[in-house]
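> Take a look at the following structure, please.
Only the coordinates and a few stated rules stand behind these numbers; no lab work does. The shown structure was predicted, so the numbers you read here are calculated from the model rather than taken from an experiment. Heads up, the Cβs are rebuilt from the backbone with ideal geometry, glycines too, and the neighbour counts pull from every protein chain shown.
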Amino acid sequence: DVKVTQSSRYLVKRTGEKVFLECVQDMDHENMFWYRQDPGLGLRLIYFSYDVKMKEKGDIPEGYSVSREKKERFSLILESASTNQTSMYLCASSLTGDRTDTQYFGPGTRLTVL
Amino acid sequence: TQLLEQSPQFLSIQEGENLTVYCNSSSVFSSLQWYRQEPGEGPVLLVTVVTGGEVKKLKRLTFQFGDARKDSSLHITAAQPGDTGLYLCAGLNSNSGYALNFGKGTSLLVTP
């Protein structure tokens, strides 16, 4: 079974802190994604990566950066956390990215910025 | 961004009732997927439809892809409390080619 793990289920940070969210997948998937999920807004794509050291902006990249130094690990970085970044963050991975491919999601990190 | 509109946003029904959830767009998608998300967990894929007019069944769940590949529906027969969750439709983002555009979801509550 594919497993996508996220470093924390719950995280509380203060405004201005630098925040790292880690995601690891164990199935040698090429593609990895970061989404945030907010009530009434659904899942929105922040960044994705289709290969090691490659990254592409999603629909809402402002205030975030990412790092993919190894194939299995994709990190989301909040350079200076703000209260409007309080959200559920979901990481996902997929093998090929073609139209029938499955995205496998981690359990999510609920981040609160005070 | 290709928008996917889901309706209804919330649905609360009694066990044994039937229901239909809709996913509509003005854009054509090469495929549409349906995911279910339970509280505290990430979404899990239920089905992928790729051909216009395609119908797929998963036990009591029936998924249909519109002929023009712009819309899809999910029909649940004789809903059970275990069907409770957030149902999300998703289509490939034409800009990225890899990432998905998600609808906002339909939150279903089935009470005994």
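> If we keep just the residues of the stretch A:44-62 that are in contact with an Asp or Glu (Cβ under 8 Å, 6 or more places away or on another chain) and part of a loop (DSSP other than H, G, I, E, B), which is nearest to the other protein chains (Cβ to nearest Cβ)?
So the residue we want is A:50.
> The conditions are (1) in a loop (DSSP other than H, G, I, E, B); (2) buried (at least 18 other Cβ atoms within 10 Å of the Cβ), and residue A:40 fails exactly one of them. Which is it?
Looking at each condition in turn, residue A:40 falls short on (2).
> Pull out all pairs, ordered by first then second residue, where Cβ-Cβ is under 8 Å, the residues are six or more apart or on different chains, the first lies in the stretch A:93-114 and is more than 10 Å from chain B (Cβ to nearest Cβ) and touching a residue at least 12 places away in the same chain (Cβ under 8 Å), and the second is in a loop (DSSP other than H, G, I, E, B) and basic (Lys, Arg).
Within 8 Å, the pairs are A:109/A:9; A:113/A:14; A:114/A:14.
> Oh, and also: Being polar (S, T, N, Q), surrounded by fewer than 17 Cβ atoms within 10 Å (Cβ to Cβ) and under 15 Å from the mean Cα position of the chain (by Cα), is that true of even one residue in the stretch A:9-25?
Among the residues of the stretch A:9-25, not one is polar (S, T, N, Q), surrounded by fewer than 17 Cβ atoms within 10 Å (Cβ to Cβ) and under 15 Å from the mean Cα position of the chain (by Cα), which makes the answer no.
> Then there's this: Just to be sure I understand, how many residues within the stretch B:93-112 are within 14 Å of chain A (Cβ to nearest Cβ) and in a loop (DSSP other than H, G, I, E, B)?
Residues meeting the conditions: 10.
> Looking only at residues in the stretch B:3-40 that are outside any strand (DSSP E or B) and surrounded by 15 or more Cβ atoms within 10 Å (Cβ to Cβ), which one is nearest to the other protein chains (Cβ to nearest Cβ)?
B:31
For every residue, the table says whether it meets (1) surrounded by 13 or more Cβ atoms within 10 Å (Cβ to Cβ); (2) in contact (Cβ under 8 Å) with a residue 12 or more places away in the chain; (3) under 23 Å from residue B:35 (Cβ atoms).
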| position | (1), (2), (3) |
| --- | --- |
| A:31 | yes, yes, yes |
| A:48 | yes, yes, yes |
| A:51 | no, yes, no |
| A:56 | yes, no, yes |
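> Would you confirm whether any residue within the stretch B:60-78 is hydroxyl-bearing (Ser, Thr, Tyr) and crowded, with 17+ Cβ neighbours inside 10 Å?
Yes.
> Collect the residues in the stretch B:26-46 that are over 13 Å from the mean Cα position of the chain (by Cα) and of a type outside the set (Asp, Glu), keeping them in residue-number order.
Result: B:26, B:27, B:28, B:29, B:30, B:39, B:40, B:42.
> So which residues in the stretch A:15-72 are among the basic types (Lys, Arg) and closer than 23 Å to residue B:104 by Cβ?
A:36, A:44, A:57
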